[in-house]
Structure formats: structure tokens, C-alpha cells
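Working notes, beginning with the structure itself.
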2 protein chains.
Amino acid sequence: MRRADKMRTFWSWACALVLAAAASAQAPALPSWNDGDARTRIVEFVKAVTDSKSKDYVAPSDRIAVFDNDGTLWSEQPLYFQFVYMLDQLKAAAPKHPEWKDNAAFKALAAQDKAALAKLGEKPILELLGQAVGGMTVAEYDQSVRDWLASARHPKYNKPYTDLVYPAMQDLLAYLRANGFKTFIVSGGSVEFMRPWAEKAYGIPPEQVVGSQQEVTFEMKDGKPLLRRGAKFSFIDDGPGKPVGIYRQIGKRPIAAFGNSDGDLQMLQVTADGPGQRLMLLVHHDDDVREVAYDRQSHIGKLDKALDEATAKKWVVVSMKKDWKKVFAFEK
Amino acid sequence: MRRADKMRTFWSWACALVLAAAASAQAPALPSWNDGDARTRIVEFVKAVTDSKSKDYVAPSDRIAVFDNDGTLWSEQPLYFQFVYMLDQLKAAAPKHPEWKDNAAFKALAAQDKAALAKLGEKPILELLGQAVGGMTVAEYDQSVRDWLASARHPKYNKPYTDLVYPAMQDLLAYLRANGFKTFIVSGGSVEFMRPWAEKAYGIPPEQVVGSQQEVTFEMKDGKPLLRRGAKFSFIDDGPGKPVGIYRQIGKRPIAAFGNSDGDLQMLQVTADGPGQRLMLLVHHDDDVREVAYDRQSHIGKLDKALDEATAKKWVVVSMKKDWKKVFAFEK
């Protein structure tokens, strides 16, 4: 090894040691969580997989953690925020589509009829959205998402939707990364709807966002290359689609998975099925004062089968009411 | 900010400075490259985008570099190595598929008839492979790739195929990463064929491998979750598919792109179309002593239109003969 290489190796090594010491000794673990079973189990899991003397030690390159977005990292009531965006897009496009007045998905969206939306399922809704925004270039679509996020306000809190992220989950993301984890979003939402703000809100860069995808095609126009959106979704990253999305884009089995609804069940099952210690966690929306209490009967973020399985398999179930000091950062 | 946080921030900052200084001052840039225009232009580009005082400075999170695999990071002659693997799979599956004896793609593959394969295009070949390996679980398929790579030998060099990676490109990958770049493979090959060895060979983890994808579905079998491969490809990451693959999986425009054939042209065009300094580079196979000399007339890795565009737009064209000290690590 040349002298320059040796020096570099020395400094890299020294810095790695210093940073690891700083992270483990000085980082406050999960400051916005109350003491309790959930917090304890998260910390114990992280200690087990990061202690090189532990039988459950996992090398940093395999410390993959996956997070659902809607209802897990930010709120999803009274309607998935992407649906609200879609609704605004649909309203804007409606004059060009008189045929929509008889479309069941359009009517349910326009009325924000959650029972009807739940009954329809996501397919006709996504098809409608595809027609509304198909044909845009990806740059135009990205701008429309950014414009909407900058101007839209949540009906109850009168805040930008991105203010409705959960500080407790931001803490958890930071805590995992400080312990060598690579954190991914794996969401039923579209990648384009999350990528513009996920880095700032969660510290998750665009390449670590897995989500539903609309068809995109390459073309040359006036000597310039561009990507144009088609009218159809090519991939739905929800329910049984989540393990597929993880396989397609990450290519490794996660060792930790975080969700809040039945749409996350398969992702948690796949995570649980690997060797060694695993962390499967559900955020349970049980706080009707600071947010909305809902689970088995809800049309949005229904949590039923996954709650049974979490109970049977002793996965961590977080009580937002008891385990989190705050639900939203803007609370007094 | 609490004292512990302040300390941590200080150490992170001090270490970042030390590491940056170590990387820029002491890392030997591209030791396996000869002095020349290609090496100079790579180094000048990296200096421009990493110098915070440069008008072309790019923040680390946007330093995205994409690399084709076949013919760019490793060899592709006399036949794309994945085709050789596929051929072995097809031979093993042939007794169960008597109908293949009249299949044009099967006949061309079995005869290694490159002209016929080129004429057929990749679609019927991939369809055939889909039939051969469809139905396997992803774990079984992963194992079959690993087993093949461990036992197969290149017909000319009698070495494992993974020995046919190019040290000059390994140097380039390491050099870019030492300068804060995130490096991705964007290849027409299947993700499953590259992920098992790309981390060891190139320092590129599975989640940074973009490639062609076969359909995969989730199922529960005897209480265990698994992913099973379908018979069809859901995505072909070649030619105009490459910018789509980059959009789907990375979500950012690269600032540097490396290829060797017309299948990389659109990826280089999209990279070139962004603001500021950009690095577009083609590896030109002009060394008929150490490897194989081929370009415009070749059925494998045809380089024709992209060579014209590189010349017209002054992209970097690497002469393997003149610019690389070695083509393969095993050379004397």
C-alpha cells in the first residue's frame, strides 16, 4: 500500500470510530417517544443487530429498513393526501372530459365518499388519474406536485400537508441511520408524489423511495430528450405489491419494517421471514384527541388482519396516544 | 442545540473535512489509466463539480453516475455473458420443452449464431428464457445464477466470467465515490444476474443496480411468504428504456454516464441535457490484442450512432488500447 493510501485508510478508520462513538454514546435515542414497551423494543433490536459481539449482528450493508408512508410517516385522514391532490388535478381536467360525469370513481372522489372509494378499490381511481395527467412530461408533473404541496392546506389543521409528518417517526428514521441503517419508503403512493419532499422531511433521497409507478416513455422532441407519462399505472406498490417493489428496487430482504395498515401486512411478513432478529412494527392510530382514532372499520388505512397477525406474532404495536410525546410538531 | 448534539455535529463536520482533504489530496486518481485526453477530462470534470467555488459545483446528493455493465464494466464477447447463462439454463430445460426445437430464438442461441440473434432482437430471446426459468422462486433463481457464476468459465480465457471486469472502470468507480458520487449500474441485463456479484466486483450494492426485470408475484405457501418469477419480462432496461429505468429507480438526472454501445445512447443524451458540466463517456473496444476490436459492424455491443453523436458532441471516447494500462487484471 502506498503512503497516501495508508494515510487515507488511517483517517477513514479514525473517523469511522469517532463517528460511531459519537452516534452510540451521544445521540439521544428517540427523544420524542415516551418510555414504554415500544421504545424499549426498538432500542433493544438496534443494539442487538449493531453489536458486533451479538449473535444477531447484521453488517451495515444489510441493515435495510422499510417504511410505509401514508399513516406511518405522515397522516392520512380524512383522505390519503395524494387523493386530495388527484382530486384537484381531476377538477382541473374535468372540463376536457365530459364523459367523467358518469364515471363512478370520479363521482366518489368529487364527493370524497370514502365508503364508495374503498368499495371501488384503487384501480378505477388510478385509471382516472392516469387519464387526467397522462401525456404530461415528468418535469411538468413534478412541478404540478410541488405547486400543489406549496399551496394546498389540510382541511382540519389549515397547514401544508407536509407539516403533517410525525416527529416520532422522523426521530426513528434518524436513529436508525445513526446506527448504520439505510432507510427506504415503500408506499402505495406514487413515487412522483413523495420524491419532491421526502429528502427534506425524512432524510430519504429519491433513489430510496419505492412506490406505485405510472408508465413513462422516452422520446426526442426538437432534438431534446424527454420522458412523457402514459395514462396507465405500470406498478401498484400496495399489499402483495410491496414485497415485489422491495425486490425490484432494493433487492435485499429488509430486517426492519414499519407500517400501519393491512396494505403493509405482506411487507411485514416478508421481513419477519428472514433469519436472526427482525423488527416488525405497526403504528396504531388510537389518539382521537391529537389525530383520529381508527383501525378495523376504517375505509382509509384499514388495520384489521395485520393487527391480528401482529398480536399473534408479538410484533410491536405503537400506541400513538401513549408512546408519542407529540403526534405533530405544530402541537402546543 | 444540546451539548451532545453539538459535539456530534462538530465531529461529523471535522471528519467530513478530514475525509474530503484525504480524498482530494491523497487519493491516486485512476492509477490504471494512462495519461491522455480521456483521463484528463475525467479528472477535470470531477474537480469542477466537487470544487465548492466552481460555477459547476454539484452538491453530493446530486452527484449521480450511471454505468452500463456489458462492454462497459466487464467484457461482452464472444456473447453477452447473461446469454451464455441463459443458454445453459435453456439446455437444462429443453427436455421439458420439445416445442423449442422449432423456435428460432432457441436455435440461434444453441448455435451461438450472433447474426441471427442480432436479427431476432432481444424480445423472443427473453421470452424463451422466461419460459425456461419462469415459476422459480426468486431465491431459487438467485442460487442458480450464483452456482453458474461459480462454475462457468470464459471460452477464451478459461477464467470465471467475473474475472473479466475491467480494472480501469473499477478505478473510475472508486475515484468517483471517493469524490462523493453515488454510483449505479444501468444495464440491459437482468437485475438478478448482476446483483449477486456487483457489490464485490464494483462496490455497487443491489439497491443501486437498475436492469431488466421479469414479472414477480407474491404468494403465501405453507404459511411462508415467497416471491415467484413469472414467464414474462415486465421491463427492458435498454436503449430508450434506460432513461425510464433511471427515472423509475433513481428519480434524479445523472451528471455522468458511461456506456459503450448504441444501447447507451439515450442514457447519455438524457445525462447531457441537464445544466452545468456533464460527463458523457464511451468505452471504445479497439484493442484486438488484449480483448476484441469491434464497433459499427458488431452484432454484440454495436457502436455506431452513439459513436457519431459522441464525435459530434465531443463526448469522451476511451481507447481501451491507448488509455488503459490493462484491460483485465489477470494480464501479465
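The values are calculated or read from the model by the stated rules, or taken from the named source; none is laboratory data. Because the structure is a prediction, the values reported are computed rather than measured. Cβ coordinates were reconstructed from backbone atoms using ideal geometry, including for glycine residues, and neighbour counts include every protein chain displayed. Heavy atoms of the whole protein, side chains included, go into the accessibility calculation; ligands, DNA and RNA do not. Shrake-Rupley method; radii C 1.70, N 1.55, O 1.52, S 1.80 Å.
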Check: Copy-to-copy spacing for B:D308, label 7 Å out on the Cα-to-C-beta vector, in nm, shortest first?
Finding: 6.4
Next item on the list: Report, for chain B, the % of DSSP beta bridges that are antiparallel, rounded to 5.
Entry: 35
Checklist line | Largest-first principal axis extents of the Cα set of segment B:173-329 (Å) | finding: 59, 39, 31
Next item on the list: Please list the non-local residues whose amide H lies under 5 Å from the amide H of B:K325, H modeled 1.01 Å from N, same-chain partners needing a gap of 5 or more.
Entry: B:W33, B:N34
Note to self: Pick from A:H299, A:H97, A:H285 the residue whose mean-square fluctuation is largest in a GNM of chain A, springs joining Cα atoms under 10 Å.
What the structure shows: A:H97
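Leaving out ligands and nucleic acids, and using a 1.4 Å probe, what accessible area per residue does segment B:24-183 come to in Å²? Each step should come with its number before you reach the end.
Working: 7050 Å² over 160 residues.
Each residue of segment B:24-183 exposes 44 Å² on average to a 1.4 Å probe.
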Item checked: Inter-copy spacing of A:K322 label points, which lie 7 Å from Cα along Cα→Cβ, given in nm from shortest upward -> 7.4
Checklist line | Sum of -39500 (n - 2.57) over DSSP H runs of 4+, divided by residues of chain B (222 nm, nearest 500) | finding: -13500 deg cm²/dmol
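Please figure out what share of the DSSP beta bridges in the protein assembly as shown is antiparallel and state it in percent, rounded to the nearest 5. Intermediate results must be reported in sequence, preceding the final value.
On the way: 22 of 60 bridges.
About 35 percent, rounded to the nearest 5.
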Notebook entry, point to check: Using θ = phi - 60° and the Karplus form 6.51 cos²θ - 1.76 cosθ + 1.60, what ³J(HN,Hα) does each residue of segment A:77-90 get, whole Hz, x for Gly and Pro?
Noted result: 10, x, 8, 2, 4, 5, 5, 5, 4, 4, 4, 5, 5, 5
Note to self: Bins of 5 Å, beginning at zero and ending with the bin holding the largest distance: percent of Cα pairs per bin for segment A:236-332, please.
What the structure shows: 3, 13, 22, 22, 17, 13, 8, 2, 0
Margin query: Before I look further, what does segment B:233-285 give for accessible area per residue, probe 1.4 Å, in whole square angstrom?
Written below: 23
Item checked: Projected label distance in nm at A:M220 and A:A329, using a 7 Å step from Cα toward the beta-carbon -> 4.6
Checklist line | Label distances, nm, A:M220 versus same residue in remaining copies, Cβ-directed 7 Å point | finding: 5.2
Item checked: Karplus-derived 3J(HN,Hα), 6.51/-1.76/1.60, for each residue of segment A:45-59, Hz, glycine and proline x -> 4, 5, 4, 5, 7, 9, 7, 5, 8, 6, 5, 9, 4, 10, 4
Check: Counting only protein heavy atoms and using a 1.4 Å probe, what share of the accessible area of chain B belongs to carbon plus sulfur, as a whole percent?
Finding: 54
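Taking 2.2 N^0.38 Å as the expected size of a compact globular protein, what ratio does the Cα radius of gyration of segment A:186-237 give against it, to two decimals? Write down the numbers at each step before the final one.
Details: Rg = 13.0 Å, N = 52, 2.2 N^0.38 = 9.9 Å.
Compared with the compact-globule rule of thumb, segment A:186-237 sits at 1.32.
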Check: Once the Cα atoms of helix B:167-178 and of chain B are each reduced to a long axis, what angle between those two axes, in degrees from 0 to 90 to the nearest 10, is obtained?
Finding: 50
Next item on the list: Provide a list, ordered by number, of residues in segment A:191-238 showing at least 40 Å² less accessible area with every protein chain present than when their chain is taken on its own, using a 1.4 Å probe.
Entry: A:R195, A:E207, A:Q213, A:V216, A:F218, A:P225, A:L227
Next item on the list: Could you run the Karplus curve 6.51 cos²θ - 1.76 cosθ + 1.60 with θ = phi - 60° over segment B:100-116 and give me ³J(HN,Hα) per residue in whole Hz, x for Gly and Pro?
Entry: 5, 4, 9, 8, 4, 5, 4, 5, 5, 5, 4, 8, 6, 7, 5, 5, 5
Next item on the list: Specify the residue with the greatest mean-square fluctuation among B:T50, B:T137, B:T40, computed from a Gaussian network of chain B linking alpha-carbon atoms under 10 Å apart.
Entry: B:T40
Next item on the list: Using all C-alpha to C-alpha distances in the protein assembly as shown, build P(r) with 10 Å bins and read off the rounded percent in each one.
Entry: 3, 14, 24, 26, 20, 10, 3, 0
Notebook entry, point to check: So how long is each side of segment A:62-212 along the principal axes, counting just the alpha-carbon atoms, biggest first, in Å?
Noted result: 54, 32, 28
Notebook entry, point to check: Compactness ratio of chain A: Cα Rg over 2.2 N^0.38 Å, N = residue count?
Noted result: 1.07
Check: What residue among A:K224, A:K313, A:K159 shows peak mean-square fluctuation when chain A is described by a Gaussian network model with Cα springs under 10 Å?
Finding: A:K224
Note to self: For the interface of A with B, what's the total buried accessible surface in square angstrom, probe 1.4 angstrom, rounded to the nearest hundred?
What the structure shows: 4300
